[in-house]
Amino acid sequence: AREQVEGGAHALDVCVALTERQDEAEQMHKLVHLLSAAVETPLVIDSTERDVIEAALKATPGRAIINSINMERGRERIDAIVPLVKVHGAAVIVLTIDEQGMAKTAARKLEIARRIYDIVTAEYGLAPSDLIFDALTFTLATGDVEFRRSAMETIEGIRLIKGELPGVFTSLGVSNVSFGLLPRARAVLNSVFLYHCVQAGLDMAIVNPAHITPYAEIDTGQRALAEDLIFDRREDALARYIAHFEALGTDGMEGTEGKGDPTAGMTAEERIHWQIVHRKREQIEALIDEALTRHDPVWVLNNVLLSAMKEVGDKFGAGELILPFVLQSAEVMKKAVAHLEQFLERKEGVTRGKVVLATVYGDVHDIGKNLVHTILSNNGYTVYDLGKQVPINVIIEKAVEVQADAIGLSALLVSTSRQMPACVKELHHRGLNFPVLIGGAAINRRFGRRALFVDDNGTMYGPGVFYCNDAFEGLETVDKLTNPARRDAFIEQIKCEALEDEYLYAGRGARLERGEGRATGPTVVRSDVSRNVPIPRPPFWGWAEIPNIPLDRVFACLDLRELFRVAWGARGQRGQSWEELVEKEFNPRLERMMREARIRRTIRPHAVYGYWPCQSQGNTLIVYDPSPLVNDQIPMTNDQKDSWNLVPSPGSRQAIGHWSLREIARFEFPRQADRLRLCLADYFADVDSGKIDVVAFQVVTVGDEADRLSEELQHQGEYSEGFYLHGLSVEAAEATAEYVNRHIRRELGLAEKQGLRYSWGYPACPDLADHVKVFDLLPAREVLKMELTSAYQLVPEQSTAAMVVHHPEAVYFAAP
């Protein structure tokens, strides 16, 4: 079982039935008990006997899958097994078989699936997600006319079941399609068939991973032959397919025919280099051992391993590799270095330099820092990674302790990036000489030049401050700083660039950073946003919780372009390379990760949201205590909007008829100094309008499990998997926010384009300190178990807070 799991199995089918034994139930109970303690993978209980299935379910601590039910004898099997499924919270595989036998056409497969679906959901109350439909397939090897279209019918059957029965899953014994063919021919046919089934919506496949080749890596000629057979494109498709593989003979590995070995004729050193660049881990240790018979370990590190990673960096810089592929190369590199380290102990010159890394205090984002750590450590540097939210004194003390060659600081937001120049000034004040590398989404090269100056007199920090746009520029910078022949000239170059920057020299940058030139002061010139718009009635006042949001509904809200291009690092890809990347790498990976998220519950969407009465005053949004409205149960229907007319009253209260509203929060928003003079406050009814408006707030999170697992994968050297998981969890938080946003729109009866969501930290509402006010309105701490950092960032990182504006003219804008 462990070998199967380590080989990539996501579920284990357990069957102990033997004709010569009569103790199947006892054997099943014992085996399931042992397996449950040995592996975390879900078990598929495979038996025809009800008592055996019941014994297995009683011994299974987690959720099991039952294999299987059908209608071969009408409802007999359903009525025997489904009650057990219900009681024990299991899932069940459903075969498309009825009294007439195995369904052969797509229409019949759907017909049987729908019949069983209606029974088990309506009568037994199973959820669609409890059902796994096996559309069944038949071999194409017989040439029987009855089965020539069987693979096509299976593919279409999967598509129909997924489309007509929302929420269910599908499974298939893929290798049945090739039964009777030569092993090499089976491997190719199974791989091509699996690809097309997945495209149709297949969720689970019974396969031997060692005999499956990625679709893109199959020889194009063989792929065409397989597709001719699967889609019945030619009368002689089967004959041509068999003849091709018979001509190849029986030597060689399955699934690799026609490709040849791209490393044939290479030396061990060249093969090591090739495998790092092409992300191949297999036999890397043996190749290292062979290279060590001719070279010493330091030579292998510097001239083979580091040279290969340099080529990876060059390809990344040229746009030939996306970031996840770089991380996969780094995984190979890590494996090679781990093997080489045993020969490097106590040898001088092994460490190229020491770098202290940290995400600055108040900042919880560390994916960028982790990338720098990966690249530096796999290029021969010793990295002391202090994590996130690290105080300045801790960073400095560590650098002094290890006598670092450089300090690297990361920050995501403008507010936390201010820790960077503060750290530089503290280093200068203490007379220390550590070069400082800085990077993050909120800063740029000019910010780095400004941080170089430690006072208003133009005094520069001697060791230098270096902005790095990405991890490879960070590597290049550290390379120069640790090279005595290049260091001084490089530092001088950075200082000269800062002095020659006319923007900084003129002082404009500093003035803008202080807020000069913005729309300030008591005079407010309002925008032309309409004042007289219908005000929707909320279904309740105050807050409500949305627990256990279904993952499928969240995933349906994913912005795939944002996920693939930003979170998964494919921003620069275009044309055919982009399409192939999405089809062959991203879409299959996303499907797998979504399935794993459902099973392992690594992503747990949870939200609180609510509605509050409000008004605007200049650039301010005033939020009122809704308690009087709640207690008096004021009507919420649109046809009673006259009851919302206001009569001004003294002090900080407003009156609606006999209801008196107390101010509980104020949100100040910036206004554009020119252009349309937009401000978020303008989208709400003014205090002098005689009307009260409604504002919605929402806070969502997907929990910290994905963050924890991502860090664990990072420490294990699974850089790319950790990177992908982090990206998916961040975008899942955004998708959860979109899901809640849509829910609010529905409750307010808004049109599709209404109800824009504004999150703090963006230009229209930049003040992250407003998160405190939102947490006062919504019980994010108590219900969602969230916290705020000292810089007002949300913890867990995979969380968002937002204000929802119902005004139909609302747009996203920059201010000032």
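Tabulated data
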read-out: Whole-percent pair-distance distribution, where bins are 5 Å wide, for the alpha carbons of the range 452-504; value: 4, 19, 26, 25, 16, 9, 2
read-out: Residues of the range 677-816: accessible area per residue with a 1.4 Å probe, Å²; value: 34
read-out: Spin-label model distance (nm) - E752 vs E401, 7 Å beyond Cα toward Cβ; value: 5.7
read-out: Mean projected area in nm² (Cα convex hull; one quarter of hull surface) for the range 266-378; value: 8.0
read-out: At R0 = 41 Å, FRET efficiency that the Cβ-Cβ distance of R233 and H339 yields, to 0.05; value: 0.25
read-out: Highest to lowest packing among 592-604, 128-140, scored as the average C-beta count within 10 Å; value: 128-140, 592-604
read-out: Gained length - D23 relative to R592, 0.36 nm times residue gap less alpha-carbon distance; value: 201.1 nm
read-out: Alpha carbon Rg of the range 556-596, scaled by the compact-globule rule 2.2 N^0.38 Å; value: 1.13
read-out: Kirkwood hydrodynamic radius over Cα pairs of the range 718-785, then Stokes diffusion coefficient at 25 °C and 0.890 mPa s, in µm²/s; value: 170
read-out: List C496, C468, ordered by accessible area with a 1.4 Å probe, largest first; value: C496, C468
read-out: Pairs from K354/K398; K104/K584; K310/K369 whose Cα-Cα separation, in the structure shown, is over 21 Å; value: K104/K584
read-out: Diffusion constant of the chain at 4 °C, which comes from Stokes-Einstein with the Kirkwood Cα-pair radius and 1.567 mPa s, µm²/s; value: 42
read-out: Sites T142 and N483 - FRET efficiency at Förster radius 60 Å, r taken between beta-carbons, to 0.05; value: 0.30
read-out: Cβ-Cβ FRET estimate between V298 and A422, R0 fixed at 51 Å, reported to 0.05; value: 0.85
read-out: Of all accessible heavy-atom area on the chain, the percent that carbon and sulfur account for (1.4 Å); value: 49
read-out: Taking N as its residue count, the alpha carbon Rg of the range 383-451 over 2.2 N^0.38 Å; value: 1.04
read-out: Per-residue [θ]222 nm for the chain (sum of -39500 (n - 2.57) over DSSP H runs n ≥ 4, rounded to 500); value: -12500 deg cm²/dmol
read-out: Spin-label pair F813/M152, simplified geometry with 7 Å Cα→Cβ offset, distance in nm; value: 5.7
read-out: Convex hull projection area averaged over all views, the range 777-816, Cα basis, nm²; value: 4.6
read-out: Packing-based order for 735-742, 771-778, using average beta carbon neighbours within 10 Å, highest first; value: 735-742, 771-778
read-out: Anchor K86: aspartates and glutamates whose Cα lies under 19 Å away (excluding residues fewer than 8 positions away in-chain); value: D46, E49, D51, E54, E76, D118, E123, D130
read-out: Gain upon complete extension [S790, L432; 0.36 nm per residue less C-alpha separation]; value: 126.2 nm
read-out: Translational D in µm²/s for the range 680-816 (Stokes-Einstein at 37 °C, 0.692 mPa s, Kirkwood Rh from C-alpha pairs); value: 199
read-out: Per residue value of the accessible surface for the range 328-411 (all protein chains in place, 1.4 Å probe), Å²; value: 38
read-out: Peptides 398-411, 70-83, 305-318 ordered by average Cβ neighbours within 10 Å, highest first; value: 398-411, 305-318, 70-83
read-out: Accessible area of the range 145-215 divided out per residue, in Å², using a probe of 1.4 angstrom; value: 40
read-out: Hydrodynamic radius of the range 709-755 per Kirkwood, over alpha carbon pairs, in Å; value: 12.5
read-out: Normalised per residue, the volume of the convex hull around the Cα set of the range 71-162 (Å³); value: 90
read-out: Point-to-point label distance, K584-T220, nm (Cα→Cβ direction, 7 Å offset); value: 1.1
read-out: Distance histogram for the range 314-408 (every C-alpha pair counted, 5 angstrom bins, percent rounded to whole numbers); value: 3, 12, 19, 20, 19, 15, 10, 3, 0
read-out: Whole-number percent relative contact order across the chain, with pairs defined as alpha carbons under 8 Å at least 6 apart; value: 8
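The values are calculated or read from the model by the stated rules, or taken from the named source; none is laboratory data. These figures come from a predicted structure and were not determined experimentally. All Cβ positions, even for glycine, are placed from backbone atoms using ideal geometry, and neighbour counts span all protein chains on display. When the accessible area is computed, the model is the full protein with side chains, heavy atoms only, and any ligands, DNA or RNA have been set aside. Shrake-Rupley method; radii C 1.70, N 1.55, O 1.52, S 1.80 Å.
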